[in-house]
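The next block holds one structure in the form of structure tokens; read it before the comments.
The values are calculated or read from the model by the stated rules, or taken from the named source; none is laboratory data. The structure presented is a predicted model; accordingly, all values stated were derived computationally and were not measured. All Cβ positions, glycine included, derive from the backbone under ideal geometry; neighbour counts span all protein chains shown. Keep in mind that these areas ignore ligands, DNA and RNA; they rest on the heavy atoms of the full protein, side chains included. Shrake-Rupley method; radii C 1.70, N 1.55, O 1.52, S 1.80 Å.
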Amino acid sequence: GELVGKGVATLMCRDGRIVDTAGSEEFDQESRAGRIYLLGLHESFDNGRTWTPLQWVPGKYENGKPVAEATEEHSFAELDDGRLLFIIRADAMHHPLAAWLTRHPDGKYTCDTPVVVTSMPHAVKPSMVRTSDGTIWHWGARHYYSLDDGKTWQGLPDSQTFPSYYGKMLAAGNQLLCITQKDIGDTPY
């Protein structure tokens, strides 16, 4: 049917499904219509030949207030229990948001836990990867890692930091991350 490629992030899950998230056009269209969501996603169960309709997922903070600060820029990883952990850019918060999504048997995704404002600094177009030992790496303003499924984050020492702008990471082997960054005009790299 349609080409897929406008999405912000794509992940192949352990069960073989591919999850692809909404891009800026779709996100902006929903915002202009007055609908506020954490993110939109769809899935493929046949290696990308066909896709489910785009599904929009709302979220709430611990106080019950709906999240309205999310942007379309995010990254995500699959956790051992099958949930998806998203780190989402939120310009107004000056820190990214963390959201844990559950996929239900009917294919519907929900954000069943409160959305959390992380301690990490604001960064554009983050990248996230989960390594085979369970460590989750996030690359935004610098490299951070989580050993507890995104509940807490620690940063690398200052001597090992550099910002990312459209950076990508890949778990390339035992204790090895491959990182790369697009060379664009408003970045020093």
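Filter the stretch 6-41 down to residues that are of a type in the set (S, T, N, Q) and touching a residue at least 12 places away in the same chain (Cβ under 8 Å) and give me whichever is farthest from VAL124 (Cα to Cα). Write out each step before concluding.
Taking the stretch 6-41 first, the residues of a type in the set (S, T, N, Q) are 10, 21, 24, 29, 31.
Now drop any that are not touching a residue at least 12 places away in the same chain (Cβ under 8 Å), which leaves 21, 24.
Details: THR21: 16, SER24: 13 Å.
The residue in question is THR21.
Can you name every residue in the stretch 141-168 that is closer than 27 Å to THR113 by Cβ and modelled with pLDDT under 85?
ALA141, SER164
Taking the residues in the stretch 65-87 that are in a loop (DSSP other than H, G, I, E, B) and among the small types (Gly, Ala, Ser) as candidates, determine which candidate is most open to solvent (accessible area, probe 1.4 Å). Break it down stepwise before answering.
Residues of the stretch 65-87 in a loop (DSSP other than H, G, I, E, B): 65, 67-73, 79-83.
Checking the rest, the ones that are also among the small types (Gly, Ala, Ser) come to 68, 70, 82.
Working: ALA68: 62, ALA70: 14, GLY82: 23 Å².
Across the stretch 65-87, the extreme among qualifying residues is ALA68.
Filter the stretch 57-114 for residues that are of a type in the set (Gly, Ala, Ser) and farther than 18 Å from GLY150 by Cα and give the result.
So the first thing to find is which residues in the stretch 57-114 are of a type in the set (Gly, Ala, Ser), and the list is 59, 64, 68, 70, 75, 77, 82, 90, 92, 98-99, 107.
The answer is GLY64, ALA68, ALA92, GLY107.
For residues that are among the charged types (D, E, K, R) and open to solvent by 40 Å² or more (accessible area, probe 1.4 Å), scanning just the stretch 1-18, find the one that is modelled with the lowest pLDDT.
Filtering the stretch 1-18 for residues among the charged types (D, E, K, R) gives 2, 6, 14-15, 17.
Next, only the ones that are open to solvent by 40 Å² or more (accessible area, probe 1.4 Å) stay: 2, 6, 14-15.
Numbers: GLU2: 56, LYS6: 64, ARG14: 94, ASP15: 95.
Result: GLU2.
I need every pair where a residue in the stretch 76-101 that is among the acidic types (Asp, Glu) has its Cβ under 7 Å from the Cβ of a residue that is open to solvent by less than 10 Å² (accessible area, probe 1.4 Å), sequence separation at least 6 or different chains.
GLU78/CYS13; GLU78/LEU84
Quick one: in the stretch 19-64, which of the residues that are open to solvent by less than 70 Å² (accessible area, probe 1.4 Å), among the aliphatic types (A, V, I, L, M) and over 14 Å from the mean Cα position of the chain (by Cα) is modelled with the highest pLDDT? Don't jump to the end; show me each part of the working.
Of the residues in the stretch 19-64, the ones open to solvent by less than 70 Å² (accessible area, probe 1.4 Å) are 19-24, 26-28, 30-31, 33-34, 37-44, 46, 48, 51-52, 54-57, 59, 61, 64.
In the following step, the residues that additionally are among the aliphatic types (A, V, I, L, M) were identified as 19, 22, 33, 38-39, 41, 54, 57.
Applying the additional criterion that residues be over 14 Å from the mean Cα position of the chain (by Cα) yields 33, 54.
On the way: ALA33: 87, LEU54: 92.
Looking at the filtered set, the residue picked out is LEU54.
Among (1) touching a Leu at 6+ places or on another chain (Cβ under 7 Å); (2) among the small types (Gly, Ala, Ser); (3) farther than 21 Å from TRP100 by Cα, there is one condition GLY34 misses while meeting the rest; what is its number?
Of (1) touching a Leu at 6+ places or on another chain (Cβ under 7 Å); (2) among the small types (Gly, Ala, Ser); (3) farther than 21 Å from TRP100 by Cα, only one is false for GLY34: (1).
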